[in-house]
Amino acid sequence: MKAKLKRLKKLIYDSPLCPVFKVLYGGFNVCLYAFLCVKWRLQGHRLPSSDERERVGRDVTFIFKSFERQSMAKRLYRCIRRYYPDAHVVIADDSKKPLKLKGERLEVVQLEFNRGLSYGLNRALERVGTKYTMRLDDDMLLTPLTRIHEQLDFLEKRKNIDICAVQACSAPKPLPPKQAAADYLKFDMKESGRELLIPHRTQIDESHFVFGKTPNCFLIRTDKYKALGYDDNIRMIDHHEFFMRAAGVLVAVADVSSFVFHYHNRFDRKYDVYRSDFLTDRLYIQKKHGLR
């Protein structure tokens, strides 16, 4: 069945109908997100309290990179405001047309066209002054199960842990958080040549486990984040290389009961031209780290 669906998707992707399906699929994702949020609220998952919002607003800055998906960037910004209205938000945008977005405690860092993820995230990170940074992608949305305030409490109580990630459960069929987390069990990061400070898969409490590499939606201590940063020479595949350098330096855990909604549009041909342009990155990373 998966193979048939993949062939059908490619058939549509290569056809003149692709722009129509881009719109339809985008609308489907928005409706799916709204439906799931209502479902979770009915199941008893609440929004943050005023005290939880205040703590996150005081201690956390949200950063993400925007490129040629500005409607998504605006939707994520509004979503952050709905959950944590007082938090500082920094968006690095290198789209062809500047991102037009204004708001309280918002900074838009406008960059030259197509500078890449690493460069943009570094420029956003330079503007962070809070104790913690929440890193997201522009095609993610917070949910009643994201619970950033709980991840903040977790890191405050455990000084030996630097990163606390949540799962990214992807449309059109979001997996439960524990199933989504299973994709990261293989990343023990032994290729880095350094032992993790706490062994891969170590259970910290009932829902937090150590991972060599986590999803790219994580809360991190800002001083540690700035010290490690990203390699400006890497345009697209920054995430794995970041955790290669983090191995043996930072301790990362993931909450397997918590997640954001991820909804990359599978029919966005214009964006995919740039998204799939990673061969230069791969060769650079192989040479930098001595990999085959």
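The values are calculated or read from the model by the stated rules, or taken from the named source; none is laboratory data. These figures come from a predicted structure and were not determined experimentally. Here Cβ is always computed from backbone atoms with ideal geometry, including for glycine, and neighbour counts include all displayed protein chains.
Summary table below
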read-out: Selected residue [assigned to a helix (DSSP H, G or I), surrounded by 14 or more Cβ atoms within 10 Å (Cβ to Cβ) and of a type in the set (Lys, Arg)] from Arg7, Arg55; value: Arg55
read-out: Index of the failed condition, Pro144 passing every other in (1) crowded, with 21+ Cβ neighbours inside 10 Å; (2) in a loop (DSSP other than H, G, I, E, B); value: (1)
read-out: Residue check for Gly116: touching a residue at least 12 places away in the same chain (Cβ under 8 Å), closer than 26 Å to Val273 by Cβ and among the small types (Gly, Ala, Ser); value: yes
read-out: Per-region count, segment 116-164, residues in contact with a Lys or Arg (Cβ under 6 Å, 6 or more places away or on another chain) and charged (D, E, K, R); value: 2
read-out: Every residue from segment 250-292 that is of a type in the set (Ser, Thr, Tyr) and either under 30 Å from Glu156 (Cα atoms) or touching a Ser or Thr at 6+ places or on another chain (Cβ under 6 Å) (or both); value: Ser257, Ser258
read-out: Pairs, first more than 27 Å from Tyr274 (Cα to Cα) in segment 85-107, second at pLDDT below 95, C-beta under 6 Å, six or more apart; value: His88/Arg105
read-out: Members of segment 160-179 that are modelled with pLDDT under 95, surrounded by fewer than 19 Cβ atoms within 10 Å (Cβ to Cβ) and part of a loop (DSSP other than H, G, I, E, B); value: Pro172, Lys173, Leu175, Pro176
read-out: Any hit, segment 92-102, residues being under 18 Å from the mean Cα position of the chain (by Cα), under 23 Å from Thr222 (Cα atoms) and not in a loop (DSSP other than H, G, I, E, B); value: yes
read-out: Flag for Leu111 being free of Cβ contacts under 8 Å to residues at least 40 places away in the same chain and crowded, with 17+ Cβ neighbours inside 10 Å; value: yes
read-out: Lone unmet requirement of (1) assigned to a loop (DSSP other than H, G, I, E, B); (2) under 29 Å from Gln43 (Cβ atoms); (3) without any contact (Cβ under 8 Å) to a residue 40 or more places away in the chain for Ala182; value: (1)
read-out: Candidates Leu36, Leu32, Leu76, filtered to the one that is buried (at least 16 other Cβ atoms within 10 Å of the Cβ), aliphatic (A, V, I, L, M), within 18 Å of the chain's Cα centre (by Cα) and assigned to a helix (DSSP H, G or I); value: Leu76
read-out: Odd one out for Ile285 among (1) touching a helix residue (DSSP H, G or I) at 6+ places or on another chain (Cβ under 7 Å); (2) within 20 Å of Gln151 (Cβ to Cβ); (3) assigned to a helix (DSSP H, G or I); value: (2)
read-out: Considering residues of segment 209-233 that are free of Cβ contacts under 8 Å to residues at least 60 places away in the same chain and part of a strand (DSSP E or B) only, the residue farthest from Leu145 (Cα to Cα); value: Val210
read-out: Any hit, segment 125-138, residues being among the hydrophobic types (A, V, I, L, M, F, W, C), in contact (Cβ under 8 Å) with a residue 24 or more places away in the chain, touching a His at 6+ places or on another chain (Cβ under 9 Å) and part of a helix (DSSP H, G or I); value: no
read-out: Cβ pairs under 6 Å, 6+ apart, first in segment 266-283 and within 15 Å of Asp238 (Cβ to Cβ), second hydrophobic (A, V, I, L, M, F, W, C) and assigned to a loop (DSSP other than H, G, I, E, B); value: Phe278/Met236; Phe278/Ile237; Asp281/Ile234; Asp281/Met236; Asp281/Ile237
